[in-house]
Amino acid sequence: MKKNKNIIVLGGAGYIGSHTAQALHLSGYTPIIVDNLSRGHRLLCGDFTLEQADILDTNALITIFESYTPLAIMHFAAFTDVAESVSNPDIYHNNNVKGTASVLKAMAVANIPYIIFSSTAAVYGQPKNSNPLLETDDLLPINPYGETKKKAETLIQNSPDIKSICLRYFNAAGAHDSNNIGESHFPETHLIPLIIQAALKLRSDISIFGNNYNTKDGTCVRDYIHVMDLADAHMKALEYLLISQENNIFNLGNGSGYSVQEVINMVSHVTNKSIGVKNAKPRKGDPATLIANATKANEILEWVPKITLQNIVKSAYQWHQSDTYQALLKNAQRYS
C-alpha cells in the first residue's frame with residue numbers, strides 16, 4: 001500500500017487534465033501535474049505542483065514517478081486536433097503512441113500499477129453497428145488521431161502488471177465554476193468555444209459544415225458533456241479500478257445529442273447575442289450523428305452526467321470573459 005495519495009496527472013496543464021486535478025484535490029488526493037507546456041498552460045495548474053517534462057523522456061518520467069511514488073497515473077497528455085493529425089500524422093504517432101509506450105515503461109520501472117487513460121470516441125470512426133455507440137462496437141478510426149488513440153489503448157491493455165481503465169470521451173465542453181480554468185486551445189477548433197467567440201465578436205461568424213444531413217434540422221448531431229462531469233467520471237474510475245483490479249473501458253457521454261444548429265441557438269439564448277452563421281461544405285468523414293451509450297459507466301461506475309447543455313454553455317461563456325482566459329488569449333496572440 002502506498003503511503004500517500006499522490007496522483008500523477010500527465011497533461012494536467014491542459015483542458016480536461018486541469019479540471020480533473022481540481023476534482024482529485026477536492027476528493028483528498030494530491031495531484032502532481034506533469035506537462036511539457038507545449039500545449040498546456042502554467043496558469044491552469046493553480047497552486048498544484050508542476051513538473052515540466054515530456055512524456056517521451058522516459059528517464060525524466062522515471063525520476064518523477066520514483067520521487068512522488070504515486071498511487072496511480074492519469075494520462076491526458078495527447079495531441080487532439082483531428083485536422084492537424086491528418087496534415088502531420090508523424091507528430092501524433094510520436095506523442096500519442098510512442099509517448100504512451102514511454103509512460104508505460106516508466107510505470108513498470110517505478111512499480112506503479114494503475115493508469116486511467118483519456119481516450120476518445122474517434123476510435124470508433126464512422127458508426128456502423130449502433131448509434132448510440134457501445135464499447136463493444138468495432139474500432140475503425142478514420143483519421144490518424146483516432147488511430148493513435150486506438151494504438152495507445154492497445155499498448156495499455158496489453159501491459160503486464162498494469163491495471164487500466166480507458167475512458168472514451170465524446171464532446172467535452174464547459175468550464176469550472178471558479179472561472180480559473182477552462183477550455184483554452186489556440187487556435188480553437190471546438191464548436192461551443194468557436195460559437196462563443198462569434199458571440200463575443202472575436203470572430204466574424206461560425207461555419208456550419210453541411211446542413212443536409214439526415215437529422216432533425218439537417219446539421220450534425222453530437223453528444224456534449226461538461227468537463228466537470230468528465231472529471232467526476234475519472235474519480236469514480238480511479239476508485240473502481242483500485243477495488244476491482246480489472247482492466248475496463250467506458251464510454252462517457254450524455255446519451256442524447258444536440259445538432260450544430262441547436263448549439264448555436266443555445267449560445268445565442270445564453271449570451272443574448274446574435275451569431276453570424278456561414279454555410280460550408282460537409283467535411284469528409286463527418287457522420288450525421290455521433291452519440292454515446294454510457295449505460296456501462298452508469299451501471300458499473302454509478303456515474304451519471306448532471307450538467308445540462310444550457311449550463312455547459314453558461315459556464316463556457318463566463319470562462320471566455322474571465323481575467324484568466326483574457327490573459328491566456330493575449331499571450332497566445334503575442335506569439336501567433
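The values are calculated or read from the model by the stated rules, or taken from the named source; none is laboratory data. Bear in mind that the values here come from a model prediction, so they are computed numbers and not experimental data. Because the Cβ atoms are built from the backbone with ideal geometry, glycine has one as well, and the counts that use them run over all protein chains shown. Only protein heavy atoms, including side chains, enter the accessible area calculation; ligands, DNA and RNA are left aside. Shrake-Rupley method; radii C 1.70, N 1.55, O 1.52, S 1.80 Å.
Tabulated data
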item	result
Reduced Cα scattering model of segment 198-271, Debye log10 I(q)/I(0), q = 0.20, 0.21, 0.22 Å⁻¹	-0.93, -0.98, -1.03
Nearest 10 degrees, 0 to 90: helix 144-157 Cα axis against the chain principal axis	30 degrees
Of LYS284, LYS236, LYS306, the one that fluctuates the most in a GNM where the chain has Cα springs shorter than 10 Å	LYS284
Which of ALA237, CYS45, GLN157, positive extreme of dipole for the chain (C-beta unit charges)	CYS45
Between 0 and 90°, nearest 10: helix 309-320 axis offset from the chain longest Cα axis	80 degrees
Relative contact order for the chain, counting Cα pairs under 8 Å that sit 6 or more residues apart, in percent	18 percent
Cα gyration tensor shape of segment 1-70, rounded if a/c is under 1.5, else prolate or oblate by comparing a/b with b/c	oblate
Positive-end extreme of charge dipole, the chain - chosen from PRO113, GLN318, ILE16 (charges on Cβ)	GLN318
Surface share of carbon and sulfur [accessible, 1.4 angstrom probe, percent] for the chain	48 percent
Residue-normalised accessible area of segment 118-178, given per residue in Å² at a 1.4 Å probe	40 Å²
Computed magnitude of the charge dipole of segment 223-336 (debye, nearest 20; Cβ of K, R +1, Cβ of D, E -1)	780 debye
Descending principal axes extents, segment 229-288, alpha-carbon based, whole Å	50, 32, 15
Overall Cα dimensions of the chain - principal axes, largest extent first, Å	55, 45, 38
Of PHE65, VAL270, ILE33, farthest towards positive along the dipole that unit charges on Lys, Arg, Asp, Glu beta carbons give the chain	VAL270
Cα-based shape type of segment 173-329, given that a ≥ b ≥ c are square roots of the gyration tensor eigenvalues and the cut on a/c is 1.5	oblate
Within the chain: Cβ-based charge dipole about Cα centre, in debye rounded to nearest 20 (Lys, Arg +1; Asp, Glu -1)	540 debye
Summed residue charge, Cβ within 14 Å of SER315's Cβ, Lys/Arg positive, Asp/Glu negative	-1
Lysines with Cα under 29 Å of LYS216, excluding same-chain neighbours fewer than 8 positions away	LYS128, LYS201, LYS273, LYS278, LYS281, LYS284, LYS296, LYS306, LYS314
Angle in degrees between helix 323-335 and the longest Cα principal axis of the chain, rounded to the nearest 10	90 degrees
Net charge dipole size for segment 135-239 [Lys, Arg +1 and Asp, Glu -1 on Cβ; Debye, nearest 20]	260 debye
